[in-house]
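The values are calculated or read from the model by the stated rules, or taken from the named source; none is laboratory data. Only a predicted model underlies this, so the values are computations on that prediction, with no experimental measurement involved. Counting neighbours? That spans all protein chains shown, and the Cβs are built from the backbone with ideal geometry, glycine included. The protein model used for the area step is the full one, side chains on, heavy atoms only, and it has no ligands, DNA or RNA in it. Shrake-Rupley method; radii C 1.70, N 1.55, O 1.52, S 1.80 Å.
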Amino acid sequence: MTAPETRTRGFRPAPPRWSEWRAQAPVVAVVAAGGALGATARYALTLAWPTPPGGFPWATFWTNVSGCAAMGVLMVLVTDVWAAHRLLRPFLGTGVLGGYTTFSTYALDIRGLADAGRPGPALAYLAATLCAALAAVWLASAATRRVFAGRQRSAGTRG
């Protein structure tokens, strides 16, 4: 059965207003700028630490783990500690860290290891990256909360 609003003759959703697009333009701009910075940093890491054919992709592994740790810190800071500007989270989180981490390359690296006849390292990389990335974001966010909770308690007792 169709929803009542779609049964009405000639129903069309209202086109987005120019003001809606204009309000989102700064967000799109900061995500794009942050993504360019993050992707450049990731590319620099792969140049500095190249993976030989069939070798374990350490640069991608540590990029993803460190990016997840940074995301854990950032999310605690912008949600629990700072009154952050509305564009900070899209710039740093979606843009910089989204461009820096590379789970698409992670998938290609797994396939590359498997295609090179190295299923053991491919499975180890698959599991290790997932576990390390999840552990990194959890540990980093927990540590950041603990650090700032301690600072807030000590600031409250100085009064």
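Observations
- The residues packed around Ala128, meaning those with a beta-carbon under 15 Å from its beta-carbon, carry a net charge of 0 if Lys and Arg are +1 and Asp and Glu are -1.
- What the chain shows is 67 Å² of accessible area per residue, with the surface traced by a 1.4 Å probe over protein heavy atoms.
- The length gained by stretching the chain between Ala127 and Leu139 to full extension, at 0.36 nm per residue less their Cα-Cα distance, is 2.5 nm.
- Theoretical FRET efficiency, 1/(1+(r/R0)^6), r = Cβ-Cβ of Ser19 and Val81, R0 30 Å, to 0.05: 0.40
- Among Pro52, Pro26, Pro90, the largest mean-square fluctuation in a Gaussian network model of the chain, built with springs joining Cα atoms closer than 10 Å, belongs to Pro52.
- 222 nm mean residue ellipticity, helices alone, for the chain (DSSP H n ≥ 4; -39,500 (n - 2.57); rounded to 500): -23500 deg cm²/dmol
- Protein accessible area in the chain, 1.4 Å probe - carbon and sulfur %: 67
- Counted by Cβ distance under 15 Å from Val96, the other residues give a net charge of +2, where Lys and Arg count +1 and Asp and Glu count -1.
- For the stretch 61-146, the gyration tensor built on C-alpha atoms gives an oblate shape. Its axis ratio a/c (a ≥ b ≥ c) is at least 1.5, and a/b is not larger than b/c.
- For Val147, solvent-accessible area (1.4 Å; no DNA, RNA or ligand), Å²: 70
- Spacing of the two label points (7 Å from each Cα toward its C-beta) at Arg118 and Phe148, in nm: 4.0
- Ordered by solvent-accessible area of protein heavy atoms (1.4 Å probe), largest first, the residues Phe56, Phe103 come out as Phe103, Phe56.
- Summing +1 for each Lys or Arg and -1 for each Asp or Glu among the other residues whose beta-carbon sits under 15 angstrom from that of Pro57 gives +1.
- Considering only alpha-carbon pairs that sit under 8 angstrom and 6 or more positions apart, the relative contact order computed for the stretch 23-101 is 60 percent.
- Read-out Cα Rg over 2.2 N^0.38 Å, derived from the coordinates shown; its label in (i) 4.10; (ii) 1.44; (iii) 1.04: (ii)
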